[in-house]
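Undergrad: Let me give you the structure first, and then I'll get to my questions.
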DNA sequence: TTCTATCAACGAAACGTTTCGTAGGAGAAT
DNA sequence: ATTCTCCTACGAAACGTTTCGTTGATAGAA
């Protein structure tokens, strides 16, 4: 089982999911737009992530190419289930209610969720 | 603004929410049922939490009585919004879909969520 | 009063995460 | 060939979290 990614690691994974397999330089360019950080910091993080199995890398070219080992959806699911246990005492209902308890949900999103509810109820 | 509680801190907060205001000893008794840990570890954690403002304490008796500063709901909301940003790129829809994408949701829960959708859509 | 149990406070060790400086190698440019 | 640039690897510092041993105070029991 893969370990839970840390905050910095998750940030890098997000970039890999968005951009697809990337070099350290490519990830660094994105990160440094938001955050002042050194190149070797990102390199080191990605090396550690490779050790942990969070990413795999292709070393055939001089600049290694990294990609996320797990899909974004699978990782999202894991993190959500983790939060469910740690903060919601396993109450999925409470989590969903909290997630929807905001005014920034569009009609379209509501419709989409309804559709999911329908398909769940059908099975 | 209160800092995001760490893992160990959240565990203690959960106990305080469940049991109401408690002494270190009372929290320790609960924690030690699950986890082998020393009393002073819990004490130190709760002292730090008091410094951070995560808990407040009544020092009038010899055994100080600690209580969570924020409600469970408010904290849940904060943690969920944090995860929404960090792991779901702000896509609330994706988060809710992932949360419901499991077979362990009862009919009653689905109905409850539907009701919430109705009230959201009404406003 | 003296002993015992319980408590808060403190400091520091142990551990994990994040940071980056430095070194060394490989390839491109001069 | 020498220099310049870009890359990986490594080690360690800096920082935050978690752990607990020790100390000193206080209250209750003997």
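Undergrad: Output the helices (runs of 4 or more DSSP H) that fall wholly within region A:17-123 and possess 3 or more residues being within 12 Å of another protein chain (Cβ to nearest Cβ) and in contact (Cβ under 8 Å) with a residue 24 or more places away in the chain, or say none.
TA: A:72-88
Undergrad: Which of the residues that make up region B:20-47 are surrounded by fewer than 13 Cβ atoms within 10 Å (Cβ to Cβ) and closer than 22 Å to residue B:73 by Cα?
TA: Across region B:20-47, the qualifying residue is only B:20.
Undergrad: Follow-up question, since we're still on this one. For residue B:51, state whether it is over 28 Å from residue A:81 (Cβ atoms) and either assigned by TED's automatic domain parsing to the domain that holds residue B:8 or surrounded by 16 or more Cβ atoms within 10 Å (Cβ to Cβ) (or both).
TA: yes
Undergrad: Please work out which residue is farthest from DNA strand D (Cβ to nearest atom), limiting yourself to region A:1-16 and to residues that are surrounded by fewer than 18 Cβ atoms within 10 Å (Cβ to Cβ) and within 11 Å of chain B (Cβ to nearest Cβ).
TA: So, considering only residues that are surrounded by fewer than 18 Cβ atoms within 10 Å (Cβ to Cβ) and within 11 Å of chain B (Cβ to nearest Cβ), the one farthest from DNA strand D (Cβ to nearest atom) is A:10.
Undergrad: Please determine whether any residue of region B:66-85 is more than 17 Å from the chain's Cα centre (by Cα) and within 16 Å of DNA strand D (Cβ to nearest atom).
TA: no
Undergrad: Of the conditions (1) in contact (Cβ under 8 Å) with a residue 24 or more places away in the chain; (2) closer than 30 Å to residue B:16 by Cβ; (3) away from DNA strand C (no atom under 16 Å from the Cβ), residue A:4 fails just one. Which one is it?
TA: (3)
The values are calculated or read from the model by the stated rules, or taken from the named source; none is laboratory data. All figures in this text were calculated on a predicted structure; none of them were measured in a lab. Reconstructed Cβ throughout: ideal geometry from the backbone, glycine too, with neighbour counts over all protein chains shown.
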